[in-house]
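Everything below concerns the one structure shown next.
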Amino acid sequence: MLRKNLGLLNQGFIPGINKVGDLFDVGMRFIPELILSANAMQNAADIINAAIPENDRQVQGRFLIGTVQGDVHDIGKTIVVSLLKASGFEVKDLGRDVSTDRFIKEAEDFNADIIGTSSLLTTTMPAQQKLEEELKKAGLKERYKTMVGGAPVTQRWANKIGADAFAENASACVRLARELVGP
Ligand code: B12
């Protein structure tokens, strides 16, 4: 069931919405179509996410996640949340447009193992670097593992800013999160 749902996403909806993004990029589609497609994708993702059973067996780890400041893209982040929950992680989703200070405060309150940040705009990716800098300044870099993701984000960027991991999609996120929290 989980594999079928992921197939619907990975072979169907995600390539579809990215196609819209590419057409928007070259000026063949405009904001109204972007919003229409986003709503259709959001509805599809909600149905599929709801069909992914939460796994309440032994908790694998505590994963705090959110989309960075200035960025309202959250469809991808929401898919990641569903798969983490289905894989036994306790997840706190802070939503979108989340400030660096809030990530750090909430990580403390939630006693997080991993802080995951999503960025879909090249203009908001620097917020992922700011989190690394603020964690270092606060002497908390060893306390939390960090993971970055989002369409423009790469392993090279993760290495540059000193993030502990980069995952290009939800399945990779679960695999890497398990490695980060260890057995
Ligand atoms: C849908 C969409 C919107 C919707 C968002 C709706 C919503 N609730 O999310 C709306 C219409 C609001 C929107 C607005 C804008 N958008 Co927009 N948008 C898109 C679009 C078409 C699809 C994004 C998406 O949902 N992809 C599908 C999901 C499943 O993929 P994903 O997000 O990458 O997530 C996967 C992985 O990256 C990873 N992942 C994601 N997050 C995380 C987090 C962690 C921790 C981990 C481990 C992994 C991970 O796992 C996910 C699942 O596999 C993209 C095109 C594209 N190719 O990305 C443009 C795109 C991102 N948008 C773009 C732009 C420019 C804008 C606007 C500035 C347009 C404008 N002028 O107003 C505004 C900015 C608003 C803001 N402040 O954020 C550009 C960004 C260019 C750039 N690189 O900076 C893109 C690339 C389009 C383009 N080609 O120009 N957008």
**Message:** Tell me the relative contact order for region 1-108 as a rounded percent, counting alpha carbon contacts under 8 Å between residues six or more apart.
**Reply:** 25
**Asked** Counting only the heavy atoms of the protein chains, how much of GLU168 is accessible to a 1.4 Å probe, in Å² to the nearest 10?
**Response** 150
**Along principal axes, Cα extents of region 61-105, largest first, whole Å** = 29, 23, 7
**Prompt:** Mind ordering 121-130, 71-80, 42-51 by average Cβ neighbours within 10 Å, highest first?
**Reply:** 71-80, 121-130, 42-51
**Asked** Build a GNM of the chain with springs between Cα atoms under 10 Å: which of LEU94, LEU36, LEU84 gets the top mean-square fluctuation?
**Response** LEU36
**Request:** Step through the residues of region 94-101 one at a time and calculate ³J(HN,Hα) from phi using the Karplus curve (6.51 cos²θ - 1.76 cosθ + 1.60, θ = phi - 60°), rounding each to whole Hz and writing x for Gly and Pro.
**Result:** 8, x, 10, 6, 9, 6, 4, 4
**Prompt:** Which ³J(HN,Hα) values, rounded to whole Hz and listed in residue order, are derived for region 59-64 from phi using the Karplus coefficients 6.51, -1.76 and 1.60 in 6.51 cos²θ - 1.76 cosθ + 1.60 with θ = phi - 60°, glycine and proline given as x?
**Reply:** 5, 7, x, 10, 10, 9
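Could you state the accessible area per residue of the chain in Å², with a 1.4 Å probe and every protein chain left in place?
55
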**Request:** Would you pull out the residues with amide H under 5 Å of ARG29's amide H, same chain only if 5 or more places away, H placed 1.01 Å from N?
**Result:** PHE24
**Prompt:** Which value in Å does the Kirkwood hydrodynamic radius of the chain take, with 1/r averaged over all unlike C-alpha pairs and then inverted?
**Reply:** 16.8
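The values are calculated or read from the model by the stated rules, or taken from the named source; none is laboratory data. Since this is a predicted model, take the numbers as computed values, not measurements. Virtual Cβ from ideal backbone geometry, glycine too; neighbours counted across all protein chains shown. Heads up: the accessible areas ignore ligands, DNA and RNA and are worked out on the full protein's heavy atoms, side chains in. Shrake-Rupley method; radii C 1.70, N 1.55, O 1.52, S 1.80 Å.
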